[in-house]
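The values are calculated or read from the model by the stated rules, or taken from the named source; none is laboratory data. None of these values were measured; they are calculated from a predicted model. All Cβ positions, even for glycine, are placed from backbone atoms using ideal geometry, and neighbour counts span all protein chains on display. Please note that ligands, DNA and RNA were not included when accessible areas were found on the heavy atoms of the full protein model with its side chains. Shrake-Rupley method; radii C 1.70, N 1.55, O 1.52, S 1.80 Å.
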Amino acid sequence: MAESGKKREFKAEVRKVLNILTNSLYTNREIFLRELISNASDALDKLRFRTNRGDTPRAGELPLEIRITLDKDAKTLTIADTGLGMTEQELADNLGTIARSGSERFLADMAAEGEQKEGEAPDASNIIGRFGVGFYSVFMVADKVEVTSRPAFVGEGGDDGAHVWTSDGLGSYTIGAAEGDEPKRGTVIKAHLKEDAAEFLEKYRIDAVIRKHSAFVPFPVFVDGEQANTQPALWREPKTSVTKEQYANFYKAQTYDAKDPLDTQHISVDVPVQFAALLFIPDSQQDFFGNDRDFWGLDLYSRRVLIQHRNKDILPEYLAFLKGVVDVEDLPLNISRETLQENVLLRKIQQVIVKQTLSRMEKLARDDKETYEHLWHLHGRIFKLGYHDYANRDRICALMRFNSSALADGTDKEPLLTSLDEYMERAPEGQKTFWYVSAPNREAARMNPHMEMFRKKGIEVLYLFEPVDEFVMESLGKYKEWDFKPAETAADDALAAFPDKEQPEKEAVAPLSDDDTASFDKLLVRIKEILGDKVKEVRVSHRLADSPALLAATDGVTSSMEKLLKVMNKDESLPVRDLEVNRDHPLLRNMLRMFKDDANDAVLAEMTQNLFDACLLTDGYIKDPQALAARAQTMLNRAAAWYTEVRKI
Ligand code: ADP
Ligand code: MG
């Protein structure tokens with residue numbers, strides 16, 4: 001090979017990029033190989049394209065392939081392709097300058113990566129992938145590189161000789177004519193590996209790197225004569241030729257999930273962006289609110305070469321459960337990252353993925369309810385965050401599932417759920433509100449005294465079991481003109497327009513006499529006196545049937561929402577609300593008798609306290625559990641004494 005040749009200086013921005021790549025020690029240096037393979041694959045692709053168009057390349061008998069050879073004695077790694085090749089001028093243009101405007105940003109990102117990982121070697125792989133300064137990354141592992149290239153096509157009278165580009169990655173490079181007649185066509189890159197990069201002389205190591213980053217390159221890649229990439233890029237195959245099993249195997253290999261996916265989508269799109277994708281809905285759950293917070297995103301390929309693992313620009317967070325690959329035909333990595341253009345491109349891909357996935361889920365919800373419910377149990381928690389995707393909100397709402405008072409209690413199987421549309425169908429004429437209640441479970445939801453009025457009227461209430469649900473409901477605002485309201489905030493007469501549902505005959509309670517009604521009003525005043533500032537007002541309830549009392553929500557704020565706000569404000573005080581009491585409840589009737597006998601009865605005061613405690617507990621507040629337990633204890637002591645006394649036991 002010609003060692004001599006014309007010496008030329010690198011352009012300033014190349015020098016800066018090289019300076020960074022050669023002088024810092026990065027983790028993930030292995031990606032240099034991905035870059036060289038992707039360049040070789042591009043060169044083969046271009047050759048194939050021109051050949052298909054009718055041009056005749058030189059050495060037409062050569063197969064389209066990539067060969068890597070490792071020489072432990074010489075400490076070199078050589079990668080040869082039979083692709084397009086480069087002329088002398090092209091060597092200078094392509095490997096001496098950076099043909100794009102992104103280098104500034106590249107440098108800034110690299111610097112940031114270095115600072116971020118204080119004391120740790122920075123990871124250059126994603127940044128290099130994004131900026132496509134690929135070729136120069138070879139200088140992370142090599143202190144001398146020779147590129148010998150012979151163009152496949154030269155015009156009439158053009159120079160079809162091979163030239164050698166040589167550089168140590170510092171300030172300059174040389175280009176001279178190559179000795180001998182190799183290669184016949186294409187490019188051979190010989191990297192003299194640095195002392196600390198000897199790992200890349202091991203075949204198993206190179207095989208592993210190829211499996212990881214370049215498994216789907218569409219041309220055979222041989223390492224010391226043995227093919228290293230054997231997986232077809234399934235997403236690029238015609239749908240009809242791929243079996244279910246192939247999809248499942250691909251999914252498992254990519255995700256390490258032991259289970260088959262719940263659903264597989266194979267998408268191939270031409271407008272507005274040309275891309276192919278394989279998207280899977282896993283049959284297993286991830287904890288995106290905990291340990292798996294960052295473990296989402298789709299693998300972004302550009303023409304079968306992995307550009308970024310877990311790219312988060314092409315997937316909204318609420319679809320974080322989706323797994324798979326997106327392969328963009330023309331990802332303009334040669335356009336700088338900071339131009340909006342690319343963001344627009346990725347956003348368009350995201351839009352297509354969202355639309356397709358929602359359609360897919362809709363179909364599943366329609367055709368296979370059971371599987372869809374299963375999907376909801378696995379992924380509903382993150383999917384709900386879709387409430388802030390305004391463009392698709394109606395579709396997302398329709399896909400949400402809820403537990404509700406109208407559903408049978410779950411057996412050991414997952415309980416059946418309802419959609420909002422099904423809720424609307426069951427609702428009586430005139431209802432225009434989705435009512436909901438927050439509770440830790442079905443049992444607790446049912447026991448909530450606010451539910452009594454709804455039960456009486458036969459109006460369904462959705463059960464929300466997770467704290468985030470209330471925020472979701474609040475943010476949804478409306479669905480098909482119906483609004484969302486917490487049952488707790490329903491006024492005493494909110495359901496007056498709806499007829500009572502047939503109830504199992506209950507023993508009617510005798511109405512109070514006029515005298516007693518007046519006394520009861522005084523009792524209310526006394527209760528307020530006993531409770532003092534703990535309540536705003538004490539009044540008779542018209543909604544309660546079985547419970548003695550409840551605390552009415554004020555200003556539309558539910559107790560669970562209020563609790564969240566208090567936590568956020570580090571406020572430990574208890575809410576001050578209106579106490580509604582059930583005048584027909586035996587407890588209140590007995591309290592009335594006690595009151596009439598002696599307005600200042602100590603036991604009456606104790607009971608009032610206990611009644612209030614119970615209301616707070618129902619709404620989930622525990623402030624001073626010791627005092628609360630002590631009050632309950634006193635009551636129990638008294639009750640036990642009376643009981644044994646009355647029953648003479
Ligand atoms: P990119 O691939 O994003 O263009 P690189 O730094 O990887 O950036 O490569 C720079 C240019 O060098 C390529 O665009 C291509 O024109 C040329 N090149 C690199 N490797 C080869 C190769 N094996 N065969 C032909 N041309 C190559
Ligand atoms: Mg490249």
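Structure notes:
- Since only ALA43, GLY225, GLY114 are under comparison, the one whose Cα sits farthest along the positive direction of the charge dipole of the range 6-227, derived from C-beta charges on Lys, Arg, Asp and Glu, is ALA43.
- Contour minus Cα-Cα distance for THR517 and ARG589 (0.36 nm per residue): 24.8 nm
- Dividing the summed -39500 (n - 2.57) terms of all DSSP H runs of n ≥ 4 by the residue count of the chain sets its mean residue ellipticity at 222 nm at -12000 deg cm²/dmol.
- If the segment from ASP257 to ASN52 were pulled out straight at 0.36 nm per residue, it would be longer than the present Cα-Cα gap by 69.7 nm.
- Alpha-carbon gyration tensor eigenvalues x 5, square-rooted, for the range 6-227, Å: 28, 20, 17
- The lysines within cross-link reach of LYS11, meaning a Cα-to-Cα straight distance under 26 Å and a gap of 8 or more places when in the same chain, are LYS144, LYS190, LYS194.
- Cβ-derived FRET efficiency at R0 25 Å, ALA630 paired with ASP601, nearest 0.05: 0.80
- Cα gyration tensor shape for the range 577-649, rounded if a/c is under 1.5, else prolate or oblate: oblate
- Percent breakdown of C-alpha pair distances by 10 Å bin, ordered from the shortest bin, for the range 133-247: 11, 29, 33, 18, 8, 1
- Among the trypsin sites (Lys or Arg not before Pro) found in the range 382-453, those both in a DSSP coil and sparsely packed, with 16 or fewer other Cβ atoms within 10 Å of their Cβ, are LYS413, LYS432.
- In order along the range 89-98, the Karplus-derived 3J(HN,Hα) couplings, from 6.51 cos²θ - 1.76 cosθ + 1.60 at θ = phi - 60°, round to 5, 5, 4, 5, 5, 7, 10, x, 9, 10 Hz, and Gly and Pro are given as x.
- Using a Förster distance of 35 Å, the FRET efficiency for GLU245-ALA74 (Cβ separation, nearest 0.05): 0.20
- Annotation note: trypsin sites (Lys or Arg not before Pro) in the range 153-196 located in DSSP loop regions with a Cβ neighbour count of at most 15 within 10 Å are LYS184.
- Cut-off under 5 Å, modelled amide H: who pairs with SER172 long-range: PHE10
- Here the 3J(HN,Hα) profile of the range 294-304, calculated from phi with Karplus coefficients 6.51, -1.76 and 1.60 at θ = phi - 60°, is 9, 8, 8, x, 10, 6, 9, 10, 10, 6, 6 Hz, Gly and Pro shown as x.
- Size of electric dipole in the range 6-227: Cβ of Lys, Arg +1 and of Asp, Glu -1, about Cα centre, debye, nearest 20: 360 debye
- nm² value of the averaged projected area, convex hull over the Cα atoms of the range 181-323: 12.5 nm²
- Over the range 512-649, the Kirkwood radius and the radius of gyration, each from Cα atoms, give a ratio Rg/Rh of 1.00.
- Å² of accessible area per residue within the chain, as computed with a 1.4 Å probe and no ligands counted: 49 Å²
- Residues of the range 475-500 with amide N under 15 Å of a point placed 7 Å along Cα→Cβ from ASP421: 479-481
- Theoretical gain in end-to-end length, ALA177 to ASP546 [0.36 nm per residue, Cα-Cα removed]: 123.1 nm
- Among the trypsin sites (Lys or Arg not before Pro) in the range 234-271, those located in a DSSP loop and surrounded by at most 16 other Cβ atoms within 10 Å of their own Cβ are LYS259.
- Ranked by solvent-accessible area (1.4 Å probe, protein heavy atoms only, all chains present), the residues MET591, MET607 order from largest to smallest as MET607, MET591.
- Model label sites at ALA510 and GLU90, defined 7 Å from Cα along the beta-carbon direction, differ in position by 10.6 nm.
- Under 15 Å from a label point set 7 Å out along the Cα-to-Cβ vector of LYS369, the amide N atoms of the range 423-443 belong to 423-426.
- With a Förster radius of 22 Å applied to the beta-carbon distance between ARG455 and ALA497, the computed FRET efficiency rounds to 0.85.
- Residue-by-residue Karplus 3J(HN,Hα) for the range 443-453, coefficients 6.51, -1.76, 1.60, Hz, glycine and proline x: 3, 5, 4, 5, 6, 4, x, 5, 7, 4, 4
- Calculated log₁₀ intensity ratio I(q)/I(0) where the Debye formula runs over C-alpha points of the chain, q = 0.08, 0.09, 0.10 Å⁻¹: -0.75, -0.85, -0.96
- Heavy-atom surface analysis with a 1.4 Å probe gives the chain a carbon and sulfur content of 50 percent of its accessible area.
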